[in-house]
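The values are calculated or read from the model by the stated rules, or taken from the named source; none is laboratory data. Every value quoted in this text rests on a predicted model; they were computed, and no experiment measured them. Glycine gets a Cβ as well: all are built from the backbone with ideal geometry, and neighbour counts include every protein chain shown. SASA here: full protein model, heavy atoms, side chains in, ligands and nucleic acids out. Shrake-Rupley method; radii C 1.70, N 1.55, O 1.52, S 1.80 Å.
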Amino acid sequence: MFDTVVMGWNTYAVGLPVGITSPYQHLKQVVFSRTRTESDIPGEHPNLKVTDQDPVDVVRRLKSEPGQSIWLCGGGQLATQLAGEIDRLVLKRSPVLFGDGIPLFAPGTYQPSAFNEVSTTAFGSGVVISEYARRQLSQDPN
C-alpha cells in the first residue's frame with residue numbers, strides 16, 4: 001500500500017482542463033515541475049505540493065520519513081530520473097495497439113537493474129498486471 005504519489009507536471013495536468021486539480025486527494029501528492037508552481041492551480045489543495053527540487057532528493061527524503069510506500073504515477077522522464085530509487089515495479093499491460101505512447105523510461109543512461117517477479121495476474125479482459133521487486137545484490141541472478 002502507498003500513501004504518497006509523485007508525478008511530473010505533464011501527468012498531473014491531464015485533469016486540469018476538466019477541473020481535476022487534486023487527482024489523489026486521499027494521498028500526499030508531489031508534482032515536479034521546473035516552470036510551474038502551486039499558484040498555477042486554482043483553489044487550495046492541502047495534500048498537493050508542486051516543487052522544482054531534485055526528484056531523487058525529494059524521494060529519498062520521503063523514503064526516510066514514516067509512512068507507507070510511494071507511487072510513481074506515469075511519466076517516462078520522471079521515471080528515468082528516479083530509476084535508481086524504484087524498489088518495485090507494477091506494470092499494467094492492455095491488449096490494445098496504440099501505435100505510439102509514452103515510454104516507461106525516457107532515453108538515458110542506466111545502470112543495469114534486475115527485478116524478481118512477485119506476481120502476475122491475467123484478467124478476463126486481457127489486461128495483465130505484473131509486479132516485480134528489485135533484486136538485491138546478494139541474490140542469485142537466476
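Structure summary
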item: Complete set of residues in the stretch 1-51 that are farther than 17 Å from Lys63 by Cα and basic (Lys, Arg); result: Arg34, Arg36
item: Residue list for the stretch 52-76, restricted to those being touching a strand residue (DSSP E or B) at 6+ places or on another chain (Cβ under 6 Å) and of a type in the set (S, T, N, Q); result: Gln68, Ser69
item: Top-ranked residue in the stretch 121-132 [being out of contact with any Phe, Trp or Tyr (no Cβ under 6 Å at 6 or more places or on another chain) and surrounded by 12 or more Cβ atoms within 10 Å (Cβ to Cβ); ranked as nearest to Trp71 (Cα to Cα)]; result: Glu131
item: Matching residues in the stretch 1-31 - criterion: being open to solvent by less than 20 Å² (accessible area, probe 1.4 Å) and under 20 Å from Phe105 (Cβ atoms); result: Val5, Val6, Met7, Gly8, Tyr12, Val30, Val31
item: Residues that are under 14 Å from the mean Cα position of the chain (by Cα) and assigned to a loop (DSSP other than H, G, I, E, B), drawn from the stretch 24-64; result: Tyr24, Leu27
item: Any chance Arg93 is open to solvent by 90 Å² or more (accessible area, probe 1.4 Å) and of a type outside the set (Val, Ile, Thr); result: yes
item: Val31 being β-branched (Val, Ile, Thr), touching a Ser or Thr at 6+ places or on another chain (Cβ under 8 Å) and modelled with pLDDT of 90 or more; result: yes
item: Cβ-Cβ under 7 Å pairs, at least 6 apart or on other chains, the stretch 40-68 side within 16 Å of Val5 (Cβ to Cβ), far side open to solvent by 100 Å² or more (accessible area, probe 1.4 Å); result: Asn47/Gln25; Val50/Arg36; Gln68/Met1
item: Filter result (loosely packed, with under 10 Cβ neighbours inside 10 Å and basic (Lys, Arg)) within the stretch 32-69; result: Arg34
